[in-house]
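Report on the following structure.
Bear in mind that the values in this text are calculations on the coordinates, not laboratory data. Since the structure is predicted, the reported quantities are computational estimates derived from the model, not experimental observations. Backbone-built Cβ (ideal geometry, glycine too); neighbour counts: all protein chains shown.
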Amino acid sequence: MSSAGNDIVALAAIDKQRTHHSRFYSKILADAERPLFDSLQPGTMSFENFVWLLWSIKESVYKYLKRTEPGLLFAPAKIHIRKIELPRIHADLLHDISAAPLRSVSAVSSEETQWESRGTGPGDESYKGIALFESRIFYFRSKIHPDFIATVVNSEESFENIWWGVQSIGHSDYTHQSLAVRSFALNKLNAVLFAGRDAAGKSPLQIGKSPLGYPLLLKDTREMTIPLSFAHHANFVAYSFNLALPPQ
Amino acid sequence: MDRREILEELKKVLAPYTENKEMLAGVTEQTDLINDLKINSANLVDIIIDAEAKYNIEIDMDSSEKMVDVKSCIDVIAEKMNVQK
């Protein structure tokens, strides 16, 4: 069964100093993962970004599984990251991360950022790799930006049907985050599902919530079979959904 | 320290990580950290570290994954405090 799992970490909201304490990161990293950082080319990423990258991957895997395994508990150190592949253009971007493919949404705020992607392609500059939980393999795509780390996971190697996006928001309270991520995802889903049609009518799409807490996509109040995942942290929200479009 | 005293101290541990102060004040053992107190999952490790310091205990991985609501937090803390004695 297909599912969806994503996560976002707002880097301004993490305690960088605390992240470096072994007492802290040992609750996130498995013993075998510390050498993964040492194996990265020096300057690739800071240790705190490494820890939070792995957190975001592990949280995404947990959310992907929780949908079908309600009794599952989140134990980050039991999810093992086995491989991190750097973005293709990473070497060129090491000291010029501002070249990351973000765009400014000037209509809302000159400082607001928004980034959206589907699958992989020429413009894809994600970190990629593999995570293992028990005997199951998951594939991840992560975006590391100066302000956030975002991850999406899939149980298949292809991300052709995975849509994901990140948006900054003006207020970090829970109510605002919740409204913002729903609106952000619905805008994308409406654009994808109803592209080319008369958009004059009211959208039939709504977001509901399952008894387990994950989001549900509803059309005319009936649940659609499009797995959806939301994440929010401080001033960032993120969505992912799994949707195969019919061939044109 | 009995369960009621552990709970009172636990409220102080949780306070920096929830904006829902009203619910925190009226917290019960059934209160869920994420769904009720709206604590961001990114702060769960902070809470474990702070609880370790507050109660002078060590919380291992198997115990920390159980700490999803107030009852399970108190269960784990009480168990670890007994081990310390």
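Mean-square fluctuation check for chain A, GNM, Cα pairs under 10 Å: which of A:SER168, A:SER26, A:SER203 is largest?
Comparing A:SER168, A:SER26, A:SER203 in the GNM, the peak value goes to A:SER203.
How much net charge surrounds A:ILE14 when only the other residues with a Cβ under 12 Å from the Cβ of A:ILE14 are counted, with Lys and Arg +1 and Asp and Glu -1?
-2
What list do you get for A:TYR64, A:TYR25 if you sort them by fewest beta carbons within 10 Å?
Ordered by Cβ neighbours within 10 Å, fewest first: A:TYR25, A:TYR64.
When the helices in the protein assembly as shown are scored as -39500 (n - 2.57) per DSSP H run of 4 or longer and the sum is shared across all residues, what 222 nm value do you end up with, to the nearest 500 deg cm²/dmol?
-9000 deg cm²/dmol
Translational D (Stokes-Einstein, µm²/s) of the protein assembly as shown at 25 °C and 0.890 mPa s when Rh comes from the Kirkwood sum over C-alpha pairs?
Diffusion coefficient, whole number: 117 µm²/s.
Identify which of B:ASP60, B:ASP46, B:ASP75 has the largest mean-square fluctuation in a Gaussian network model of chain B, with springs joining Cα atoms closer than 10 Å.
Judging by the Gaussian network model, the answer is B:ASP60.
Would you mind working out the magnitude of the charge dipole of the protein assembly as shown relative to its Cα centre, with +1 at each Lys and Arg C-beta and -1 at each Asp and Glu C-beta, to the nearest 20 Debye?
580
Identify all aspartates and glutamates with a Cα-Cα distance to A:LYS202 below 20 Å; exclude those on the same chain that are fewer than 8 residues away in sequence.
Counting by Cα, and skipping residues close in sequence, A:LYS202 has these aspartates and glutamates nearby: A:ASP220, A:GLU223.
About its Cα centre, how strong a charge dipole does the stretch A:137-197 have in debye, to the nearest 20, once Lys and Arg get +1 and Asp and Glu get -1 at the Cβ?
Taking the Cα centre of the stretch A:137-197 as origin, the dipole is about 220 debye.
Suppose R0 equals 30 Å. What FRET efficiency, 1/(1 + (r/R0)^6) with r the Cβ-Cβ distance, do B:LYS66 and B:GLU22 give to the nearest 0.05?
Calculated value: 0.70.
Which value, to two decimals, describes the C-alpha radius of gyration of chain B once divided by 2.2 N^0.38 Å?
Its radius of gyration relative to the 2.2 N^0.38 Å reference: 0.98.
7 Å from Cα along Cα→Cβ at both A:LEU72 and A:GLU157: what's the point-to-point distance in nm?
2.2
Could you work out how far apart the two model spin labels at A:SER210 and B:GLU29 are, taking each label as a point 7 Å from the Cα in the direction of the beta carbon, and quote it in nm?
Label at A:SER210, label at B:GLU29, 2.9 nm between them.
So if each residue of separation counts as 0.36 nm, and I subtract the Cα-Cα distance between A:ASP147 and A:LEU186, what length gain in nm does that give?
Full-extension gain reported as 11.7 nm.
Measure up A:LYS128/B:LYS11; A:LYS209/B:LYS71; A:LYS128/B:LYS71 against 30 Å on the Cα-Cα distance and list the ones that go over.
A:LYS128/B:LYS11; A:LYS128/B:LYS71
Taking A:LYS143 as the anchor, which aspartates and glutamates have their alpha carbon closer than 14 Å to its alpha carbon, excluding any fewer than eight residues away along the same chain?
A:ASP7, A:GLU85, A:GLU116, A:ASP124, A:GLU125
Just checking the output field for B:38-48: average partner chain Cβ neighbours within 10 Å of each residue's Cβ?
Across B:38-48, the average partner-chain Cβ count within 10 Å equals 6.
At 7 Å along the Cα-to-beta-carbon direction for both A:GLU223 and B:ASN82, put a label point, then send me their distance in nm to one decimal.
Those two pseudo-labels are separated by 3.9 nm.
When only DSSP loop residues count, what GluC sites (Glu not before Pro) in the stretch B:14-85 have their Cβ near at most 16 other Cβ atoms within 10 Å?
B:GLU19, B:GLU29, B:GLU58
Karplus couplings for the stretch B:58-69 from phi (6.51 cos²θ - 1.76 cosθ + 1.60, θ = phi - 60°), rounded to Hz, Gly and Pro as x?
10, 10, 6, 4, 5, 6, 5, 5, 7, 7, 9, 9
Please report the net charge: other residues with Cβ closer than 13 Å to the Cβ of A:GLU223, K and R +1, D and E -1.
Overall, the nearby charge balance is +3.
Straight distance only, please: which aspartates and glutamates reach the Cα of B:LYS21 with their own Cα at less than 13 Å, same-chain residues fewer than 8 apart left out?
A:ASP173, B:ASP36
Taking only Cα atoms and a 10 Å spring cutoff, compute GNM fluctuations for chain A and point out the largest among A:LEU217, A:LEU72, A:LEU189.
Looking only at A:LEU217, A:LEU72, A:LEU189, the biggest GNM fluctuation is shown by A:LEU72.
Answer with one residue from A:SER229, A:THR151, A:LEU40: the one whose Cα lies farthest towards the positive end of the charge dipole of chain A, charges on Cβ with Lys, Arg +1 and Asp, Glu -1.
Sorting the options by dipole projection puts first A:SER229.
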